[in-house]
1. Rounded if a/c is under 1.5, else prolate if a/b beats b/c, else oblate: with a ≥ b ≥ c from the C-alpha gyration tensor eigenvalues square-rooted, which is the range 116-163?
2. Subtracting the Cα-Cα distance from 0.36 nm times the residue separation, let me have the gained length for HIS204 to VAL69 in nm, one decimal.
3. Which lysines, on any chain, are close to LYS43 with Cα under 27 Å apart, when same-chain ones fewer than 8 places away are left out?
4. Calculate for the chain the 222 nm mean residue ellipticity that helices alone would give, adding -39,500 (n - 2.57) per DSSP H run of length 4 or more and normalising by residue count, nearest 500 deg cm²/dmol.
5. Give me the percent of the accessible area of the chain that comes from carbon and sulfur atoms, probe 1.4 Å, all protein chains in place.
6. In nanometres, what is the gap between the two model label sites at ALA179 and ASP92, each 7 Å from Cα along Cα-to-Cβ?
7. Residue farthest toward the positive end of the dipole of the range 100-160, with Cβ of Lys/Arg at +1 and Asp/Glu at -1: which of THR127, THR140, VAL106?
8. Students sometimes get this wrong: rank ASP36, ASP195 by accessible area, probe 1.4 Å, all chains present, largest first.
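The values are calculated or read from the model by the stated rules, or taken from the named source; none is laboratory data. No experiment lies behind these values; they were computed from the predicted model shown. All Cβ positions, glycine included, derive from the backbone under ideal geometry; neighbour counts span all protein chains shown. The protein model used for the area step is the full one, side chains on, heavy atoms only, and it has no ligands, DNA or RNA in it. Shrake-Rupley method; radii C 1.70, N 1.55, O 1.52, S 1.80 Å.
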Amino acid sequence: MRGGLVLSAVQLHRPAEFQPVEAVVFDVGRVLVEWDMRLLFAKLIPEPERLDWFCANVVTEEWHFQHDVGRDLAEMVAERKAAFPGNDTLIDAYATRFLETIPGNVPGSHDIVRELAARDVPLFAITNFASPFWREYRATEPLFDLFGEIVVSGDEKLAKPDARIFDLAARRFGHRPSAMLFIDDNAANIASARDLGWQVHHFHGAEALRADLTERGLLG
């Protein structure tokens with residue numbers, strides 16, 4: 001960081017999770033960008049009850065997670081069409097209109113990233129994101145030019161909260177887990193990272209994150 005980091009006596013005696021942070025590691029979905037698959041299908045299914053049924057049974061987050069872990073998209077789509085006949089057009093929309101599930105940025109988070117980058121804090125990311133969807137989205141978002149390595153679950157065929165993706169990320173990022181702050185909205189992912197020795201912040205909004213980063217001496 002520019003000018004180095006001067007630690008107060010209080011900071012030096014903080015517990016492990018408040019030891020100096022060398023790098024900040026972000027999740028992407030629901031930390032940096034909003035994500036809701038229902039937004040896409042609400043455009044295509046006017047009946048509220050049918051929309052509820054479709055999102056609860058056909059294109060669900062649990063099913064989508066298979067793609068995040070690297071399962072082939074064409075195989076998933078064909079299987080789902082066979083399981084739910086009469087929904088081909090809607091299932092195809094999942095495969096071809098994924099960016100419409102991303103309505104915008106999480107308020108305040110991008111400002112935090114830019115401020116950290118301006119202070120020369122190394123930035124990385126670990127995201128559960130299907131490879132083709134990530135490439136499509138990444139091409140639209142220059143914020144990630146500020147990041148170093150980004151570990152994408154679909155590329156690695158590993159997904160959070162699997163400990164192996166955190167171990168892989170630590171090797172790629174070049175910092176000890178205890179020297180990195182991992183930020184995620186998912187409690188299971190936070191628990192997994194904490195168990196592996198990472199410092200963690202369970203994300204509930206940019207205001208609380210900013211306060212935590214300020215307390216740690218990374219902003220302010």
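1. Oblate.
2. 46.1 nm is the gain from fully extending HIS204 to VAL69.
3. Partners found: LYS81.
4. It comes out at -13000 deg cm²/dmol, rounded to the nearest 500.
5. Answer for the chain is 53 percent, counting heavy atoms of protein chains only.
6. Each label point lies 7 Å from its Cα, and together they span 5.2 nm.
7. The listed residue farthest towards the positive side: THR127.
8. Output order, biggest surface exposure first: ASP195, ASP36.
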